[in-house]
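Report on one structure; see the data block that follows.
The values are calculated or read from the model by the stated rules, or taken from the named source; none is laboratory data. This one's a predicted model, so the numbers in the text were calculated from it and none came from an experiment. FYI the Cβ positions are ideal-geometry reconstructions off the backbone, even for glycines, and counts take in every protein chain you see.
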Amino acid sequence: MRKLPELVCKLTYVCDAWIIGSAADPDKTDPRDYDLVVPYNKWKEASSLIPSDARRNTFGGWKCISEGKEVDVWPDDIG
């Protein structure tokens, strides 16, 4: 089992975020980056966990580094 960066762990466990894209492949042991989708009803809480040095990314989300890995986070609903 791979170890997830701290921010990815917090967002998935605390804010019900989903890991999407190539990092969602269980066979990828060392993904280049992590893309996460946070439900709209958890976005305020997720926003408080995102580091203050994060930059805006495409589609209204945030891009930052957690434990040496790039993390992109967007508000959206699955389904």
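Assorted remarks:
- Close Cβ contacts (under 6 Å, 6 or more residues apart or on different chains) running from residues in region 6-18 that are within 11 Å of VAL37 (Cα to Cα) and free of Cβ contacts under 8 Å to residues at least 12 places away in the same chain to residues that are hydroxyl-bearing (Ser, Thr, Tyr) and not in a helix (DSSP H, G or I) are absent.
- Restricting region 17-45 to residues that are more than 16 Å from THR58 (Cβ to Cβ) and β-branched (Val, Ile, Thr) leaves a set whose member that is farthest from the chain's Cα centre (by Cα) is THR29.
- Screening MET1 on (1) modelled with pLDDT under 95; (2) touching a strand residue (DSSP E or B) at 6+ places or on another chain (Cβ under 9 Å); (3) among the aliphatic types (A, V, I, L, M) shows it passes everything except condition (2).
- Restricting attention to region 57-66 and to residues that are modelled with pLDDT of 95 or more and out of contact with any helix residue (DSSP H, G or I) (no Cβ under 6 Å at 6 or more places or on another chain), the residue that is nearest to LYS3 (Cα to Cα) turns out to be ILE65.
- Among the numbered conditions (1) part of a helix (DSSP H, G or I); (2) modelled with pLDDT under 95, the only one that LEU7 does not meet is (2).
- Cβ pairs under 7 Å, 6+ apart, first in region 42-54 and at negative phi and free of Cβ contacts under 8 Å to residues at least 40 places away in the same chain, second surrounded by 15 or more Cβ atoms within 10 Å (Cβ to Cβ) and assigned to a loop (DSSP other than H, G, I, E, B): LYS42/ASP16; ALA46/ALA17
- Qualifying strands (runs of 3 or more DSSP E) (wholly inside region 11-69; at least 1 residues being within 20 Å of GLY79 (Cα to Cα) and touching a Cys at 6+ places or on another chain (Cβ under 6 Å)): 33-38
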